[in-house]
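First up is the structure itself, then whatever we jot down about it.
The values are calculated or read from the model by the stated rules, or taken from the named source; none is laboratory data. Note that the structure is predicted; figures quoted are calculated from it, not measured. Cβ sites come from the backbone with ideal geometry, for glycine too, and all protein chains shown count toward neighbours.
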Amino acid sequence: MGTLYEDRLRQHIGNESEPIEAVDAVCPQMIRHWVEIMEDRNPAYSDPEWAGTSRHGGLVAPGSMMQVWSMAPHWPERPLPDLPFAPVDEALEEAGYTEIVATEQSQTITALAKVGEPVTFTVRLTDVSDSEHKTRLGEAYFVTFEYRFSDPRGDLLGTQSFTYMRYRPQTEDTEEPAA
Amino acid sequence: MTTDWMKPHLKYDSLDWDDVSEGDELPMVARVVDTSLVVLGAVAASRDFYPVHHDRDVAVAAGAPDVFLNILTTNGLMASYITNWCGPDWDLSSISLRLLVPAFPGQKLTTTATVTRRYEQDGHRLLDLVFCAETDFGPHCKGTATIKRAA
């Protein structure tokens, strides 16, 4: 059972953002950056001739890349609607859980985003751990949220669940003294 | 858009339904993790500008020995490993993974997978797989995936 502190964090579970349009429409340049690093050999992403006569009807983006369309710009900060994990994140950071590391993710791919079309997404907070966990890196809370990605017709492209851990880094001061 | 130079490196043929059985193992693929893969995976491929993936000083201050692969790159490497095997007539319909040991520069990531289930559903042929990417210090990630193609 969670304490009052955890109840305060968990009250945000279920909150969902307004739809957010990705900064860039799906484009061959960003796809190619992905393909080059992953060494992906699928012609649906890289060969317009093949893709055009395929079931995709043209170049598409890898489904595994869906989260990339949601990534924040480096500069300047983009004003976004209130994201549902922001209050949880701020509360944990203030409490000393200053470091973040991703731990799990899961994608369900319904359709592939077409080149030239913008992706729209929402973010929903789906879980916050109900107690502090002891981990290799330090005491931590786990936060899980889910993206839903849609095409311009409102059709679902896919969903992605994402869990990260916010932890209080272990320092020599916090380690148990040797017996 | 000219990508003719890429064509020799693309895969146009696909895995045949009759050539796959439950228990089949995918060919192992090894990939060296170096700082370039970590940084380019985060910054170029996935637009993940969180500094622990490109700035060693920040990574060390956060308690890590070096920059480490971001989860988007891990996921992309696993997804492409599977779809490079099955070919473009198949679609990746789901992929799920858990990160274990972080992947730091200097390690070799050795990826393997096994077909756990072969079945037909709603006019599609499907394969479920389990996969794992090992480092010298233990598994970097473990996960499951499903691919499908029209029957």
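Taken together, B:Val52, B:Val115, B:Val101 contain a single residue that is buried (at least 17 other Cβ atoms within 10 Å of the Cβ), in a helix (DSSP H, G or I) and more than 14 Å from the chain's Cα centre (by Cα), which is B:Val52.
Rundown of residues vs (1) outside any loop (DSSP other than H, G, I, E, B); (2) within 14 Å of chain B (Cβ to nearest Cβ), yes/no style:
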residue: A:Ile13; (1), (2): no, no
residue: A:Ala25; (1), (2): no, no
residue: A:Arg32; (1), (2): yes, yes
residue: A:Ile37; (1), (2): yes, yes
residue: A:Ala51; (1), (2): yes, yes
residue: A:His56; (1), (2): no, yes
residue: A:Met66; (1), (2): yes, yes
residue: A:Asp82; (1), (2): no, no
residue: A:Glu93; (1), (2): yes, yes
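Taking (1) more than 25 Å from B:Lys142 (Cβ to Cβ); (2) at pLDDT below 95; (3) not small (Gly, Ala, Ser) in turn, A:Val60 satisfies each apart from (2). More than 7 Å from chain A (Cβ to nearest Cβ), in a helix (DSSP H, G or I), modelled with pLDDT of 95 or more and closer than 20 Å to A:Thr159 by Cβ - does that describe any residue in the stretch B:83-98? No; the residues of the stretch B:83-98 include none that is more than 7 Å from chain A (Cβ to nearest Cβ), in a helix (DSSP H, G or I), modelled with pLDDT of 95 or more and closer than 20 Å to A:Thr159 by Cβ. Restricting the stretch B:127-151 to residues that are outside any loop (DSSP other than H, G, I, E, B) and acidic (Asp, Glu), the residue that is surrounded by the most Cβ atoms within 10 Å (Cβ to Cβ) is B:Glu134. On the basis of being within 12 Å of chain A (Cβ to nearest Cβ), surrounded by fewer than 23 Cβ atoms within 10 Å (Cβ to Cβ) and not charged (D, E, K, R), does B:His124 make the cut? For B:His124, the condition - within 12 Å of chain A (Cβ to nearest Cβ), surrounded by fewer than 23 Cβ atoms within 10 Å (Cβ to Cβ) and not charged (D, E, K, R) - is not met. Taking the conditions (1) exposed (fewer than 14 other Cβ atoms within 10 Å of the Cβ); (2) more than 7 Å from chain A (Cβ to nearest Cβ) in turn, B:His9 satisfies each one other than (2).
When we screen A:Arg153, A:Arg136, A:Arg166 for residues that are within 21 Å of B:His53 (Cβ to Cβ) and free of Cβ contacts under 8 Å to residues at least 24 places away in the same chain, the only hit is A:Arg136. In summary, B:Ile82 fulfils each of the numbered conditions (1) touching a Pro at 6+ places or on another chain (Cβ under 8 Å); (2) surrounded by 21 or more Cβ atoms within 10 Å (Cβ to Cβ); (3) touching a residue at least 60 places away in the same chain (Cβ under 8 Å) with the single exception of condition (1).
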